[in-house]
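Q: The structure that follows is given in the form of structure tokens.
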Amino acid sequence: MNYLIKPLTQGFGAEIFNFEMAEGLNENLTQELIETWNKAGGLIVVHNLNLSSKQHISLSKHFGPLFGDPKEDPLQDTVSRYIHPDHPEIYRVSNQVSKDGIPRGRKGAGTYWHSDVSFRERPAQASLLHAKTIPPVGGDTIFADQAAAYDALSDGMKDLLAPLFAWHDFEVAARTQYSKPVVVENDMNGANCARHPLIRTKPETGRKSLFVNPGFTSHIDGLDANESKAILDFLYQHSTQPQFLYRHRWAEKDLLIWDNRSLMHFAVMDYPDNEPRYMERCTVIGERPV
Ligand code: SIN
């Protein structure tokens, strides 16, 4: 197939033009896409992709099992109201509300640095977000390359971080990013809390990344609160420097596929409610971080 791949930054990300799925996805094509994704450090933008919800799910399943698939774990209960009524594998992000007052998706989803679902024993691997409706300007999503951020640390800091583990807890976001009536208290009973290494290695490439995020990481295991805060604050400041970032300006029908194992992301909510934004996301269940 004659599609065109262009790099998005010096360090990571690629955009793909003229990618056709008219005859459906064959195994070779998906393998090519996954290879391109790995080579691009876990971020690809496929432009102008007509994708039904069913095709979106079937493409996503090539990356791995999906949260919400009836055979797999769902996302946390708090977001169940945003799941597509006909497709439990699709999480909807939107500022739109239907006539009967029911949200068409989570408004302001991910408006903080995070890695999807890092609070589970098996956090998200890929997220595949398809833009259905976007505002004329604004609503960009920013990505931070945590492999490059790791590489840029001194050897002394790498040695210091290597043996450390951190706790990731949905409660951190629930208390700061969600309004009280929306949060399902049951989500705070331990099922959404996990301990992961601060540095993880991507099995497919052997590349190491920082794996902590302000959205869900509560503290570093075994350190005093002040010690933990000092290290995490340093890492967040370090890993969100401009040289590690790519800011995506969406076009309708863009499909973004990012790797939560090596990237954090931040959804910028700078558009008004009367400018609709509607996106559908499939989220792949990854391996236990090592
Ligand atoms: C998310 O965190 O998955 C939402 C990203 C976005 O809406 O841009």
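Q: Taking the Cα centre as origin and putting +1 on Lys and Arg beta-carbons and -1 on Asp and Glu beta-carbons, what dipole magnitude results for the range 117-245, to the nearest 20 debye?
A: That gives the range 117-245 a dipole magnitude of about 360 debye.
Q: Compute the distribution of all C-alpha to C-alpha distances in the range 4-285, in bins of 10 Å from 0, and list the percent of pairs in each, rounded to whole numbers.
A: Reading the bins upward from 0: 6, 29, 37, 22, 5, 0.
Q: Sticking with this structure for a sec: Can you pull out the GluC sites (Glu not before Pro) in the range 1-59 that DSSP calls coil and that have at most 10 other Cβ atoms within 10 Å?
A: Within the range 1-59, the qualifying GluC sites (Glu not before Pro) (loop, at most 10 other Cβ atoms within 10 Å) are GLU23.
Q: For the residues LEU4, LEU210, what sequence is obtained by ranking on other C-beta atoms within 10 Å, fewest first?
A: LEU4, LEU210
Q: Where does the range 227-290 land on Rg(C-alpha)/(2.2 N^0.38 Å)?
A: So the range 227-290 has a normalised radius of gyration of 1.46.
Q: Oh, and also: Only counting other Cβ atoms within 10 Å, I'd like HIS168, HIS238, HIS56 sorted with the fewest neighbours first.
A: Sorted ascending by nearby Cβ count, the order is HIS238, HIS56, HIS168.
Q: Output the Cα-based Rg and Dmax of the range 1-150 in Å, rounding Rg to one decimal and Dmax to a whole number.
A: Spelled out, the Cα radius of gyration and Dmax of the range 1-150 are 16.2, 47 Å.
Q: In whole Å, how far is the Cα centre of the range 6-36 from that of the range 81-139?
A: Between the Cα centre of the range 6-36 and that of the range 81-139, the gap is 23 Å.
Q: Mind computing the radius of gyration and Dmax over the alpha-carbon atoms of the range 101-214? Å is fine for both.
A: Both quantities, over Cα of the range 101-214: 16.6, 54 Å.
Q: Let me ask something additional. Stretch GLU204-LYS71 to full length: gain in nm at 0.36 nm per residue minus the Cα-Cα span?
A: 45.4 nm
Q: Oh, and also: Would you mind counting up the charge near ILE57? Only other residues with Cβ under 10 Å from its Cβ, with Lys and Arg at +1 and Asp and Glu at -1.
A: Once positives and negatives cancel, what remains is -1.
Q: Can I ask one more? Could you tell me the center-to-center distance, by alpha carbons, between the range 144-204 and the range 213-290 in angstrom?
A: Spelled out, the Cα-based centre of one part sits 10 Å from the other.
Q: Using the Cβ atoms and a cut-off under 9 Å, what net charge is assigned to the surroundings of GLU280, where Lys and Arg are +1 and Asp and Glu are -1?
A: Cβ neighbours under 9 Å give a net charge of +3.
Q: Which trypsin sites (Lys or Arg not before Pro) in the range 58-145 pass both tests, a DSSP loop state and at most 10 other beta-carbon atoms within 10 Å?
A: Those that pass, being in a loop and sparsely packed, are LYS71, LYS99.
Q: Placing unit charges on C-beta atoms (Lys and Arg positive, Asp and Glu negative, everything else neutral), compute the dipole magnitude of the chain about its Cα centre in debye, rounded to 20.
A: 280 debye
Q: Just how large is the dipole of the range 207-285 about the Cα centre, in debye to the nearest 20, putting +1 at every Lys and Arg Cβ and -1 at every Asp and Glu Cβ?
A: It comes to approximately 360 debye.
Q: On to the next question. Expressed as a rounded percentage, what relative contact order does the chain have, with Cα pairs under 8 Å and six or more residues apart?
A: Value for the chain: 32 percent.
Q: Once Lys and Arg get +1 and Asp and Glu get -1 on their Cβ, which of PHE211, GLY139, ALA166 lies farthest toward the positive end of the dipole of the chain?
A: GLY139
Laboratory data are not the source of any read-out in this text; all were calculated from the coordinates shown. Remember, it's a predicted structure, so these values are computed and weren't measured experimentally. In this analysis, Cβ positions are derived from the backbone assuming ideal geometry, glycine residues included, and neighbour counts consider all displayed protein chains.
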